1. Looking at the chain, what % of its DSSP beta bridges pair antiparallel, to the nearest 5?
2. Kirkwood Rh, Cα Rg: Rg to Rh for the stretch 339-436?
3. Can you grab the distance from the C-alpha centre of the stretch 290-315 to the C-alpha centre of the stretch 274-288, Å, no decimals?
4. What's the whole-number percent of alpha carbon pairs in the stretch 423-529 lying beyond 20 angstrom?
5. Considering amide H positions built from the backbone, and no H for Pro or chain starts, which residues 5 or more places from Ser406, or on another chain, come under 5 Å of its amide H?
6. How large are Rg and Dmax for the stretch 330-369 when only the alpha carbon atoms are used, in Å?
7. Which values of log₁₀ I(q)/I(0), to two decimal places, follow from the Debye formula for the chain at q = 0.08, 0.10 Å⁻¹ with a uniform point scatterer at every Cα?
8. Full extension from Thr473 to Lys129: what is 0.36 nm times the residue separation minus their Cα-Cα distance, to one decimal in nm?
Amino acid sequence: MKAHNKWLTAPLAAGLAAALLSGCGEEKGGDAGGSGGSVIVGMSDEVLATDPAAGYDPGSWLLFNNVFQSLLSFPKGASVPQPEAADKCGFDQGGSKVYRCTLRDGLKFSNGNPLTSEDVKFSFERALKINDPTGPAPLLATIDKIDTPDDKTVVFTLKVPDATFPSKIASGAGSIVDHREYKDGELRDDSKAVGSGPYKLDSFQEGEAVFSPNPDYRGTVKVKNGGVTLKFFHGDRKALATALKKGEIDVAYRGLGAADIAEIQASGTTSEREVEVIEGSSAEVQHLVFNVDDPVVGKLGVRKAIAYLVNRDTLVNDVYRSTATPLYSIIPAGIAGHNTAFVNEYGDQPQRDKAEQALRSADIDGKVKLTLWSTPSRYGPSTDDTLKAIAKQLNASGLFEADVKSVEFGQYEKDIKAGKYGVYVKGWVPDYPDPDNFTTPFFGEGNVLQNNYENSKITGTLVPRTAATADRTAADEDFGKLQDLVAKDLPILPLWQGKQYAVARDGITGLEWTLDASTVFRFWEIKKG
């Protein structure tokens, strides 16, 4: 499971193939000739890769989404992927196994080379061949073969029906590279990037990356600034906040903690009024995960007792200062198929009597000794505090004797894989705004939670059936059934759904168009002056 990952707030529309085949309407023929001033953006996340075959983290995908084109993309405020490098795309004959795209005219990379179907085929096959452990190859695993009958046509034949394929290739995983600039089967290691997106990467160093508008860009967006400098603060939230207040950066994105944001929002001083907090929607979620083979929480009664006792309202108010919202489903609000299965099963307020009854039904009479395992920074700076607050809630019931242990992420992942933890925390930011990305990775075969949970109805019927349903709204009923089963089996307990924030100084506009559940931070929408 990715720690953050990437990635609208309305259900995917019916008739996806028809919508894509219609092209992208009014926004055809983008323009990268930015007319505004240059913008300096500060971020505490790292950019771990400049090569799309390797990066699978929020910082890297931020770079990919601005430097590279994909066949499709998620326009601002949209939940259906629309043509970008492609002029039109769609499944053949209304199915969901053969997917065909026609490229738009005049596509060029930033080095002047033409972009053709050969580059598209090369990009996908290269990512699959390299299969980097930190790369996006798993998202492309349903591809069986790629044909290029001419320079403008790409035909994907999939191994199994996959209605989410358009969303997958609209993500950073679909980045198109120049086959003359990138080696087949080998990652690029010079910190350079050559794409056909709205921006060129002029330089990439430890402290900053510099981007300028790409004059050869042909796509759907219009660049509204003269370039972007991305400053890296390497996890130092205090330094990021200070740089914003001093005017050393124009925008702070991904990195300010809940307390920092709350302080800025509540501030009434003249200097602080020069800073504005912009809030957007997010599909980032955090869960408690239960190892169902554990001798303690392997008992359903223990898991139920925990579910009856956790107070999400207190967590989001006290720990997250209301920069998150309580989550009662595995599919977050704003994503198609969302329901409130965990409210239906366990309520939205603590119920000690029902928790005690659940323990007694599992033949447990004394206090349950329990360790909650955390990792300090990978899933956000407040993760340890979240687990401590949950332990406090459990202990206050008199039914548990819980403590918290936190270990660095590398060891944490090894211990989870080895089955050493009974209860642990995981965070998730989706790759694309479709309910599949909140279900298949967690509950399909070989799930990334590594918690030994499997439900044959989910893996054998519901996941394959939802994946094959091209009309995504028609899959809502099956996603509802899946969520209800998970709520009853309790392999995980949803905790909260995040909000996205950017904090900007006076004179910066357009940030509201960069903060939605697609998790695409659109440089081109930001304007200065």
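1. So the antiparallel bridges amount to about 75 percent of the total.
2. 1.01
3. Their Cα centres are 27 Å away from one another.
4. Counting every Cα pair in the stretch 423-529, those more than 20 Å apart make up 52 percent.
5. The answer is Ser374.
6. 14.5, 42
7. With one equal scatterer per Cα and no solvent, log10 I(q)/I(0) is -0.51, -0.80.
8. 120.5 nm
The values are calculated or read from the model by the stated rules, or taken from the named source; none is laboratory data. Here the structure is a predicted model, which means the values were calculated and not measured. Positions of Cβ are backbone-derived with ideal geometry, glycine not excepted, and every protein chain shown enters the neighbour counts. Quick note on the areas: whole protein, heavy atoms, side chains included, nothing else; ligands and nucleic acids left out. Shrake-Rupley method; radii C 1.70, N 1.55, O 1.52, S 1.80 Å.
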